[in-house]
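A.B. asks: This is the structure, below, for whatever I ask next.
The values are calculated or read from the model by the stated rules, or taken from the named source; none is laboratory data. This structure is a prediction, so every number in the text was calculated from the model and none was measured. Don't worry about glycine lacking a Cβ; one is built from the backbone with ideal geometry, like all the others, and counts go over all protein chains shown.
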Amino acid sequence: MLHKMRYRLALDLGSTSLGWAMIRLDANQRPCAVIKAGVRIFSNGRNPKDGSSLAVTRREARAMRRRRDRLLKRKARMMRTLIEYGFFPAEEAQRKALETLNPYKLRADGLDKALTPAEFGRVLFHINQRRGFKSNRKTDKKDTDSGALKTAISKLREILKTENCRTVGEWLHKRNQAGQTVRARYRQDKTIKDDGKAKIDKYYDLYIDRAMIEHEFNELWRKQAEFNPALFSSAAYTDLKDVLLYQRPLKPVKPGRCTFMSDEERAPLALPSTQRFRMYQEVNNLRILREGLKEEPLTLQQRDDLIVVLERNNKRTFTQIKKLLGVGGAVQFNFEDPKREELKGNTTNAILGKKEHFGEAWIAFDEAKQDAIVMQLIKEENEAKLIQWLQDETGIEEERAEIIANVGLPEGYGSLGTKALARILPELRRDVVTYDKAVQAAGFEHHSKLNQNRGIPGITFKIESIDQDTGEIKEFHIHKELPYYGEYLQRHVGFGSGKPEDPIEKRYGKIANPTVHIGLNQVRLAVNALIKRYGHPSEVIVEVARDLKQSKEQRSEENKRQAENQQRNNRLRTEIARILQINEEGIRRDDIEKMILWIELSADVADRKCPYSGVPISATMLLSDEVEIEHILPFSQTLDDSLNNKTVALRKANRVKGDRTPWEAQQDFAAQGWSYADILARAENMRKEKRYRFAEDGYKRWLKDDAGFLPRALNDTRYLSRVAREYLHLICPNTRVIPGRITAMLRSQFGLNKVLGLNGEKNRNDHRHHAVDACVIGVTDQGLLQKFAKASASAREKQLNRLVDNMESPWKNYQEHVQRAIDAIWVSHKPDHSHEGAMHNDTAYGLRGNGKVSFHKMMDGKREYIEDNLKVIEIADTKAAERHGLLPNGKPKPYKGYKGDSNYCIEIVRNEKGRWEGEVISTFEAYQLVREQGAAQLRHPALGISGKPLVMRLMIDDTVRLDVDGQSCTMRIAKLSSNGQIFMADICEANVDARNRNKEDSFAYISKMAGSLQTAKARRVTISPIGELRDSGFKG
């Protein structure tokens, strides 16, 4: 369906929210009305406590269960095999009697004496339970404990030699007799070094590896076969050894797809060609900053000389590079920064070229052979096979091959496959060119044009639209609706199964980041619903939140940075209050910003001068009207209000500079006696993100490849923004993504912070603020930003004490349109009706029999025994009923308990008198019901689990309508208590859990029991992803 109406769709995509707005376009394609707006709220797939992926938590728990299952299966298989070959008796009682035998003594005796079949079976069953660590080349390098583990194994090998122990079992018997531990225990000892810093030593008392166990098995078998060759047959040897030592091969981790050739896998980062690609890309972008902040690229000879050095070294500092290139004096590199003092070299070459590895022979290998060797080091899991391969292919001796086989190389994968590298790397080598030009020279299209404009019968149709890159009218193939993103954005996802019968995500693959995956799927739901009702949009404008793609570590780093900034601001606020001798409440945000910019001028207070005039600025002078915050590159020409584009300057200097770049104002500066050389010298002290703006080509460098500041302001080039644009391009070729800083400025300028009313500030406690942002995004086009830039220039010309002069709204009654659209919103919350999740808490509690439970807890470094009154889920072992006893009804007696972690739902049922009652179903109970009776019983539309007539079944994030204080309210279920209490909040309320706990916040949950819900005429309603309310009415 093309257009039922001509409209622009605006999307504000966050990590847990999607705000959207439909803006009507007139005959000239200009916005003229807000048709409708909405908000969709959803989970981001992460643990709210630490930001870790819930998928990781599930995977780790699943891995633990599988390891346990494999151990139990191996024990059962060992038992069956021992019985089959006559080592164990078939009767369970007779096998039980063997538990009294000391396996350590038998393991030592078996090296010299004949053991009975049952005794040998006891030995083998014991060894099977702890069969030693088997090294895996890949996982060991990632394991932080593997260093301590391998050290302990090596140490134990030496001990076995010095103590003349033939097997590890014989050594363990000696320790057991001496009363020493025979189990591996991980230790951490904290010591204080001479410099006062703490050092933690991590080690194991002992650690056995699989090779020691294999050796012991062979030695025991050889000796016992001398005494009883008939029983110790070759068939028994083969089968029992297989049970004992077999380990399932690791499932290989499949890398992502190559950016340019989506059928190809990405190449490992350790590959010398990948390292080389990174080096050429970076060195080709290296620029020398001469005096006057002039930039110049390296010559081809300089580039090649630097590459030769980087090929042999892990890194080179910028000081070393300057000496190599012969560029002395006061010069810097564009990458040079207090946080970065070096360029990375070819790490793989640096490692494998060491004397103890290949030495000079490594450099003598051609590049193809280097890649082949590294690929073998990465792919081959079997160390013995790898060592032999290295000897055969490179001619090195076994000892050196073993060292190389265990070397640590860079982990992970690049963005390109080996075939794409083979085409792009020669172009980067050919000349000092940037990556994008090398890509084009290699015959590839730009990233943004990949996977676009393909016709698919029955799936797409043709339209004519303006090509955003060329401005020409072109023919485009667009989809009838947004497909699953993994089907068409293949270069951004991992490889799927490709099987048509598999679920769509498994078939095509998905983006690994759960937040991005969920966000794009929610975009698909909402956009397709809008297309179905209103037709395809003429334009799409998207703003993508900065935190959407952040990992747990990145979020943690961002939170840390924000906390540090808050502490800095608090400290500055106190300092400003002291200087001005006023209360801290009276400190303006501009004053704090002035202080931040003033400190940036120089670490030395005495050297903090006006960048233009050179006049020293004292703290008192800074906080007066004599000093102003000034945009280095004019705001009217950049719309850049970031700290990187600001400094503090004398009011007079600010007036002399006017609405120009520093370079453009140099003649007027000279007229005041201010040398531009001195200005550039002062700029040298600033951060690199700021200082280049003072150069002659500062504005040009800020623009980069954009034709002007408006195209740059209207284009967000971050990775996820490009993904969103590429995805939405499938249904609308006129799609663009804008940076969020513009939205914030325009929202304030248009007075839209008042729409949800919070003292003129953005109200983040109301979910609808996402829709307000979307209403701003929807009018952000080139025409509007031109007006905004003119208003800024006007404010500067009139010397107004504000950033922007009065600016007219996008159209008459714009604010009223936004207010009306926001008031009409039904916020849609994505519910999760799956019963799957954590059944209970991880901690096991002992049942005391007096209504109490017991557990151990580490307190002050000691393990303390605690008893408490806790309600727990009682667990019985049906396979060990005799061990724990039976209940009077004959069922196994429970022996431990777990705290329930969550409730699945509350069922509102009707009793025989017609009154409503609440029956809470825990997640644990839901699992048991599904296992015993199937999922259909759990979701029966008419009956509750108890068999009573069902009124409604409520889960977290479900929506209900009810009467509160005489008014009809629409609420979201926020919390379910095990006593049947239901906690609710208005669907528009955000951050409810934190606000409910905050005693200073006026917000509080509304709580109801089943009976009061009936009095309030409550009923469950649904709100579609685009905010359509469906209410069947109160049924009594």
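A.B. asks: Return the pair list, or none, for Cβ contacts closer than 7 Å from residues in segment 503-525 that are under 14 Å from residue 544 (Cβ atoms) to residues that are assigned to a helix (DSSP H, G or I), at least 6 apart or on different chains.
C.D. replies: Going by the 7 Å Cβ cut-off, the qualifying pairs are 511/492; 511/517; 516/720; 520/485; 520/727.
A.B. asks: Give the residue, chosen from 615, 627, that is surrounded by fewer than 21 Cβ atoms within 10 Å (Cβ to Cβ), assigned by TED's automatic domain parsing to the domain that holds residue 669 and not small (Gly, Ala, Ser).
C.D. replies: Selected residue: 615, the only one of 615, 627 that is surrounded by fewer than 21 Cβ atoms within 10 Å (Cβ to Cβ), assigned by TED's automatic domain parsing to the domain that holds residue 669 and not small (Gly, Ala, Ser).
A.B. asks: Can you go through 128, 28 and tell me which one is assigned to a loop (DSSP other than H, G, I, E, B), more than 38 Å from the chain's Cα centre (by Cα) and not charged (D, E, K, R)?
C.D. replies: Only one candidate passes the filter, namely 28.
A.B. asks: Another question, then. Hand me the list of helices (runs of 4 or more DSSP H) wholly inside segment 871-963 holding 1 or more residues that are out of contact with any Ser or Thr (no Cβ under 9 Å at 6 or more places or on another chain), surrounded by 12 or more Cβ atoms within 10 Å (Cβ to Cβ) and charged (D, E, K, R).
C.D. replies: Once the helices (runs of 4 or more DSSP H) in segment 871-963 are filtered for at least 1 residues that are out of contact with any Ser or Thr (no Cβ under 9 Å at 6 or more places or on another chain), surrounded by 12 or more Cβ atoms within 10 Å (Cβ to Cβ) and charged (D, E, K, R), what remains is 923-933.
A.B. asks: Please enumerate the residues belonging to segment 240-277 that are of a type outside the set (A, V, I, L, M, F, W, C), in a helix (DSSP H, G or I) and surrounded by 16 or more Cβ atoms within 10 Å (Cβ to Cβ).
C.D. replies: 272, 273, 274, 275, 276
A.B. asks: Scan segment 74-110 for residues that are charged (D, E, K, R) and under 13 Å from residue 127 (Cα atoms) and jot them down.
C.D. replies: Listed by number, the residues that qualify are 74, 75, 105, 107.
A.B. asks: Just need a number here: residues in segment 666-693 that are buried (at least 20 other Cβ atoms within 10 Å of the Cβ) and small (Gly, Ala, Ser).
C.D. replies: The total comes to 1.
A.B. asks: Counting just the residues of segment 646-659 that are among the aliphatic types (A, V, I, L, M) and not in a strand (DSSP E or B), which one comes out surrounded by the fewest Cβ atoms within 10 Å (Cβ to Cβ)?
C.D. replies: 656
A.B. asks: Just the residues that are over 30 Å from residue 683 (Cα atoms) and in contact (Cβ under 8 Å) with a residue 40 or more places away in the chain, please, taken from segment 312-361.
C.D. replies: If the condition is that a residue be over 30 Å from residue 683 (Cα atoms) and in contact (Cβ under 8 Å) with a residue 40 or more places away in the chain, then 312, 345, 346, 347, 348, 349, 351, 352, 353, 356, 357, 358 are the ones that fit.
A.B. asks: Which condition number in (1) under 41 Å from the mean Cα position of the chain (by Cα); (2) surrounded by fewer than 14 Cβ atoms within 10 Å (Cβ to Cβ); (3) β-branched (Val, Ile, Thr) is the one that residue 620 fails?
C.D. replies: Looking at each condition in turn, residue 620 falls short on (1).
A.B. asks: I'm checking my understanding of the structure. Among residues of segment 347-362 that are among the small types (Gly, Ala, Ser) and not in a loop (DSSP other than H, G, I, E, B), which one is surrounded by the fewest Cβ atoms within 10 Å (Cβ to Cβ)?
C.D. replies: 361
Each row is one residue, and each column tells you yes or no for (1) surrounded by 16 or more Cβ atoms within 10 Å (Cβ to Cβ); (2) at positive phi; (3) part of a helix (DSSP H, G or I).
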{"site": "195", "(1), (2), (3)": "no, no, no"}
{"site": "202", "(1), (2), (3)": "no, no, no"}
{"site": "207", "(1), (2), (3)": "yes, no, no"}
{"site": "211", "(1), (2), (3)": "yes, no, yes"}
{"site": "217", "(1), (2), (3)": "yes, no, yes"}
{"site": "224", "(1), (2), (3)": "yes, no, yes"}
{"site": "235", "(1), (2), (3)": "no, no, yes"}
{"site": "238", "(1), (2), (3)": "no, no, yes"}
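A.B. asks: Consider residue 643 against the criteria (1) crowded, with 20+ Cβ neighbours inside 10 Å; (2) hydrophobic (A, V, I, L, M, F, W, C); (3) under 44 Å from the mean Cα position of the chain (by Cα): it satisfies all of them except one. Which criterion is unmet?
C.D. replies: It is condition (1) that residue 643 fails.
A.B. asks: Still on this structure, please answer the following. From the list 248, 287, 278, which residue is basic (Lys, Arg) and closer than 30 Å to residue 122 by Cα?
C.D. replies: None of the others qualify; the one that does is 248.
A.B. asks: Output the qualifying pairs, or none if there are none: Cβ atoms under 8 angstrom, residues six or more apart or on different chains, first residue in segment 822-842 and among the hydroxyl-bearing types (Ser, Thr, Tyr), second residue part of a loop (DSSP other than H, G, I, E, B) and surrounded by fewer than 19 Cβ atoms within 10 Å (Cβ to Cβ).
C.D. replies: Note: pairs meeting the criteria are 828/1024.
A.B. asks: Tally up the residues in segment 380-405 that are free of Cβ contacts under 8 Å to residues at least 12 places away in the same chain and within 22 Å of residue 276 (Cα to Cα), please.
C.D. replies: Number satisfying all stated conditions: 0.
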